[in-house]
1. Which residues, taken from region A:65-85, are surrounded by 17 or more Cβ atoms within 10 Å (Cβ to Cβ) and within 12 Å of another protein chain (Cβ to nearest Cβ)?
2. If B:LYS23 satisfies all but one of (1) in contact with a His (Cβ under 9 Å, 6 or more places away or on another chain); (2) open to solvent by 50 Å² or more (accessible area, probe 1.4 Å); (3) closer than 11 Å to A:ALA19 by Cβ, what's the number of the condition it fails?
3. Taking interchain pairs and intrachain pairs at least six residues apart, which have beta carbon atoms under 7 angstrom, with the first residue in region B:15-29 and more than 7 Å from every other protein chain (Cβ to nearest Cβ) and the second open to solvent by 10 Å² or more (accessible area, probe 1.4 Å)?
4. Where in region A:1-74 are the helices (runs of 4 or more DSSP H), entirely inside, with at least 3 residues that are within 19 Å of B:LEU25 (Cα to Cα)?
There are 2 protein chains.
Amino acid sequence: MKACGTERLKTKAEFRRAADVFKALSNPSRVMIVNALADGEHCVAELTALVQLDISTVSNHLSVLRSVGIVTDERRGTQVFYTLRKPCLMNLFCCLDDFHSNEK
Amino acid sequence: MKACGTERLKTKAEFRRAADVFKALSNPSRVMIVNALADGEHCVAELTALVQLDISTVSNHLSVLRSVGIVTDERRGTQVFYTLRKPCLMNLFCCLDDFHSNEK
DNA sequence: ATGATACTTTGCCATTTTGCCAAATATGTC
DNA sequence: GACATATTTGGCAAAATGGCAAAGTATCAT
């Protein structure tokens, strides 16, 4: 377990990889999904109801999140349940709260 | 001081705002810049040397970061120094480290 | 094996965004 | 005024985006 803030990125690949993770989070629907998963797993149908888009669209959003390791999926019967892989992601959201009070 | 992970986003505007912050971080050069600023302030020329792009390009990257509140600038003489506004951003980077060990 | 349910993948699309530079424009110093 | 530093603007080709519909896949029940 590393102490936070002590490690820095170094290689070009690391910068790109970090950027990719952020890019996966750069869409409101995907943020909404991640936010929902913070409370526990949800199946695709539930998430579809949440974001109010076509299920194929939601599935695509989920695959974006999965491709960078933000979520995992687990099939149970005909349903597929998605889970947040990293609790730390929520600290990150918490951190964002502070950004609201920005003028300038 | 709120406990992390207890607050959730709610409104459409909040989701969009969070997404915008992530989008600002979705570029390798900008991640590189933020990473550098974690060690302390730097002027534009220094950051330009770091990322090896035209100074106008770097200035644009900085304005993206500034527009979402990630950095602040302070003019001193002819130079402009940039600073990370939120230390919590580095925890966020730390969190990303764990993502490296992803297969699937 | 037929059908139903739940999800994924693919193809397609118009539109938007990106990332970069060069040139022009501040802004401050000497 | 000349110089140094940084920002803004305009332009551009290329890439990414976000959405849906249709077709495909997997699992279960009858």
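The values are calculated or read from the model by the stated rules, or taken from the named source; none is laboratory data. Bear in mind the structure is a predicted one, so any value in this text is a computation, not a measurement. All Cβ positions, even for glycine, are placed from backbone atoms using ideal geometry, and neighbour counts span all protein chains on display. Note: accessible area is taken over every heavy atom of the protein model, side chains too, but ligands, DNA and RNA are not part of it. Shrake-Rupley method; radii C 1.70, N 1.55, O 1.52, S 1.80 Å.
1. A:LEU65, A:ARG66, A:VAL68, A:GLY69, A:ILE70, A:VAL71, A:LEU84, A:ARG85 - these are the residues of region A:65-85 that are surrounded by 17 or more Cβ atoms within 10 Å (Cβ to Cβ) and within 12 Å of another protein chain (Cβ to nearest Cβ).
2. That leaves (1) as the condition not met.
3. Final answer for the pair search is B:ASP20/B:VAL68; B:ALA24/B:ARG30; B:ALA24/B:VAL64; B:ALA24/B:VAL68; B:SER29/B:VAL51; B:SER29/B:LEU53; B:SER29/B:HIS61.
4. On the way: elements: A:12-24, A:28-37, A:44-51, A:55-67.
In region A:1-74, the matching helices (runs of 4 or more DSSP H) lie at A:12-24, A:28-37, A:55-67.
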